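Written below as C-alpha cells is the structure these notes are about.
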Amino acid sequence: MRRLIFLGCMVILAACRQAPVLPTGVVADNAMVVSARVEASRIGVAIMKKGGNAFDAMVATEMALAVAYPFAGNLGGGGFMVYRKASGDIGGLDYREKAPLTAHADMYLDSLGNVIPDMSTVGATAVGVPGTVAGIIEVHQKYGSLPLNEILQPVIDLANKGVVVTEKQAKRLESYKERFIAVNGDSTKFAREFKAGDTIKYPELATTLTKIMDQGRDGFYKGEVAQKIAAFIQENGGFITEKDLEKYEAVWRYPVVFTYKDLKIISMSPPSSGGVTMNQIFKMMEPYDIGSFGHNSEKAIQLFTEAARRAYADRNYFLGDPDFVDIPLDVILTQEYLTQRMEGFSFDGATPSSDVSHGQVEVLESMETTHYSIVDAKGNAISATTTLNGGYGSKLYHPELGIFFNNEMDDFSAKPGVPNMFGLIGAEANSIAPEKRMLSSMTPTIVEKEGELWLVVGTPGGSTIITAVAQTILNSYEFNMSMQQAVNAPRFHHQWLPDVLMFEEEGFSGELKENLKTKGYQIMEGRSRIIGKVDAIKILPDGRLEGGADKRGDDTAVGY
Ligand code: DON
C-alpha cells in the first residue's frame, strides 16, 4: 500500500513538473519592476509608461533606491548589471568599486601582520572608489532613450518630498543608530529615533542628484562634489583622492553563459564570482534528476550542498579582478573538470570541507545589498544588484551631499586565510592592489528557456547570494513553482568554509536536520538568518509578467 501511495505521489509530482504553474505574484501585461521599495518600483514603471526603455528604468530605479532604501541603494557604492535585449543580445556592466591608488596588499594589517579589526568595515578607511554614478551614466549614454532630466527629475522630487519609514526600516534604523553616531557623531541626520510612518526628506541628496542630472558623471567624479567627497574621506582618515574619482570607469563585460538542461543561464562574470560559481554548481548537479528528489528534500539538499561546497572552494582560490589575475575559466568550467570535482560525492554522507581544502572560520555580520529586476514592454530585460556592502556601508555619511559610503574594501582578502565579514576566505587572486576591483558574490542573472526570455532574478545576501539565486531558478524550473512561490520558498546555504549548513528558520523539519547530521553535515545552530531577498520576474507562457517580490523585506512588484 505504502509503495502504491509513494508511486502515486511520484506520478503526480512528475505530472506537476510538466503542467504550467499558475502565477501567485503580481501579474502585468506589459512591463514590470521588482525592487526593495515600492517607491523605486513605481518610479521605474512610470519611466517605462512614458516611453522609456528598461535601461532608462534602470537609471531611475537605481537612483530611487538610493533615496528610498539608503540601507543598500546608493551613490556611494557599486554594482553589476546583466541585460538581455528583446533582440536576444546580451551584455553586462561592472560598476563595482575599486581600491584607491594608494591601496596595497597589507593596508589592513598591523606591524605584526594581524588584521586590524574594523579597519576594512567601518568608517572612511573601508571605502572603495564608488562606481554607481559612472554605471548609470554609462547605461544611459549607451542604451538610454529618454533625456536624463526626464529620468532623474522624479527621483529628485522624491528626495525633496521625502520617503515614509516602514516598520522594517524603523527597526533597522534603530539597530544601526549607535553605529551611525560612533562614526559620524551625534549630530548626524540618523542619530534621532524614527517611527514607522515618519517621513524622511533628503534635500541634500536632491542637490547632489541635480548636479548629476545637469553635468552627468562629471557632476559626481569631478568638480565640487568630487572635491567634497575626497576631502571628507581624507579628513576622516580614508584614502580616496580626487584623482581616484576622476579615474573611475564602469566596464562592459561579457556575461558568463551556460546551459542547464534546456535553460540558458546568463549571469555576471568576474570581478563578480556569481556567474562562475553558479555555473559550476549547476553543472555539477546536472547529471542528477534533482526535480524528482522533491523540493528541499534530504537528497536535494545534499546534492546542492556538495556542489556548492566544491564551487565555493574554487571561488575563493581562483577568482579575483580579471584585469589583475588570470582566472583559469577554460579549465574550471569544463564538464570534465566538474565531473572530477564531484567524484567523491555520495548520498551516504557529507564530504568534509577539510577534504576539499583547509581552514576554520565563522560567519560574522548579516549583510545588506539590494537587487532589482526590470522587463519593458518590448521585452528588454535588466537584472541589477547594487550595494554598499554592509547595511549603510561603512556607516560614514556625508551630511552635505546626503551620501552613505560603502565598506566594500572588506570584500578583498585582507590577509590570505583570514575570513572577511561574510566568513569568506580569500587567496592571492583577491589580494588588495591599487585600482583593483574586489571580488563580489553578486549574481544578477537572466534565464532563457527554449531560446526565449524566461526569468530575471537576483538578490542581496553577501556570500549567500549565489546559492539563493541558484535555488530560485531550481524552484521555478525543477519544482515548477510560480515566481512568487519560488522567491518565498525557504532557503539553505553552504559555502565550503565555514563547514556548516545554514537553514532559514521556517520550512526545514527537525527530523530532516537530524538525518543530515547523522550523515556528517554540521548544521548551523542558534539564531537563523534570512538567506537572500530575491526580486525576480517570470515571463508567463501567454507573455504576461509575474513578479516575485521577496516576502522577507518591503519588496514590491509594480507593473502595467
Ligand atoms: O559584492 C559582494 O559580494 C558583497 N559586497 C555583497 C554584500 C551583500 O550582498 C550584502 N547584502 N545583503
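Set the Förster radius R0 to 22 Å, insert the Cβ-Cβ distance between residue 326 and residue 433 as r into 1/(1 + (r/R0)^6), and round the FRET efficiency to 0.05. If you can, show how the numbers build up before the last one.
On the way: r = 14 Å, r/R0 = 0.65.
Once rounded, the FRET efficiency stands at 0.95.
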Assuming R0 = 25 Å, what is the FRET efficiency of residue 247 and residue 400, from their Cβ-Cβ distance, to the nearest 0.05? 0.60
How big is the gap, in Å, between the Cα center of the range 100-167 and the Cα center of the range 18-86? 19
Residue 227 versus residue 519: modelled label distance in nm, points set 7 Å from Cα along the beta carbon direction: 6.4
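Just how many % of Cα pairs in the range 394-460 lie over 15 Å apart, if you round to the nearest whole percent? Don't skip to the answer; put the middle values down first.
Numbers: 1471 of 2211 pairs.
Value for the range 394-460: 67 percent of Cα pairs lie more than 15 Å apart.
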Using a simple spin-label model with points 7 Å from Cα along the Cα→Cβ vector, what separation in nm is obtained for residue 347 and residue 175? 3.8
Can you give the angle from 0 to 90° between the axis of helix 465-477 and the longest principal axis of the chain, with both taken from C-alpha atoms, to the nearest 10? 50
With a 10 Å radius around each residue's Cβ, average the other Cβ atoms per peptide and rank 27-34, 385-392, highest first. 385-392, 27-34
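Let me check I've understood the local charge: for residue 307, count other residues with C-beta under 10 angstrom from its C-beta, Lys and Arg +1, Asp and Glu -1. What total comes out?
On the way: positive: 283, 309, 310, 341; negative: 286, 306.
Local charge sum for residue 307: +2.
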So which of 264/538; 49/395; 98/395; 436/538; 395/533 end up more than 24 Å apart, counting from Cα to Cα? 49/395; 436/538
For every other residue with a beta carbon closer than 14 angstrom to the beta carbon of residue 317, add +1 if it is Lys or Arg and -1 if Asp or Glu, then tell me the sum. +1
On the Cα set of the chain, report Rg and Dmax in Å, please. 22.4, 78
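Ratio of alpha-carbon Rg to the 2.2 N^0.38 Å globular estimate for the range 264-351, to two decimals, please. Display every interim value, and only then the final one.
Details: Rg = 13.6 Å, N = 88, 2.2 N^0.38 = 12.1 Å.
Working it through for the range 264-351, the quotient is 1.13.
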In Å, what Rg and Dmax follow from the Cα atoms of the range 421-560? 17.1, 51
Which values, in whole Å and largest first, are the semi-axes of the equivalent ellipsoid of the range 204-287 obtained as the square root of 5 times each eigenvalue of the Cα gyration tensor? 40, 16, 11
Give me the distance in nm between label points sitting 7 Å out from Cα along the Cα-to-Cβ direction at residue 299 and residue 505, one decimal. 3.2
How big is the convex hull of the Cα atoms of the range 495-560, per residue, in Å³? 138
Taking the convex hull of the Cα atoms, report for the range 339-485 its projected area averaged over all directions, in nm². 13.4
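I'd like to compare 404-415, 275-286: which one has the highest average count of other Cβ atoms within 10 Å, and what's the full order after that?
Highest mean packing first, the order is 404-415, 275-286.
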Can you tell me the 0 to 90 degree angle between the C-alpha axis of helix 132-143 and the longest principal axis of the chain, rounded to 10? 80
Working from Cα positions, state the angle (0 to 90°, nearest 10) between the long axis of helix 167-184 and the longest principal axis of the chain. 50
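If we count every other residue with Cβ under 12 angstrom of residue 467's Cβ, Lys/Arg +1 and Asp/Glu -1, where does the sum land? Please report the intermediate quantities before stating the final value.
Working: positive: 309, 315, 491; negative: 504.
Residues near residue 467 contribute +2 overall.
Rule-based calculations on the coordinates, nothing more; no lab input. All of these numbers come straight from a predicted model, not from anything done at the bench. Please note: Cβ atoms are built from the backbone with ideal geometry, for glycine as well, and neighbour counts cover all protein chains shown.
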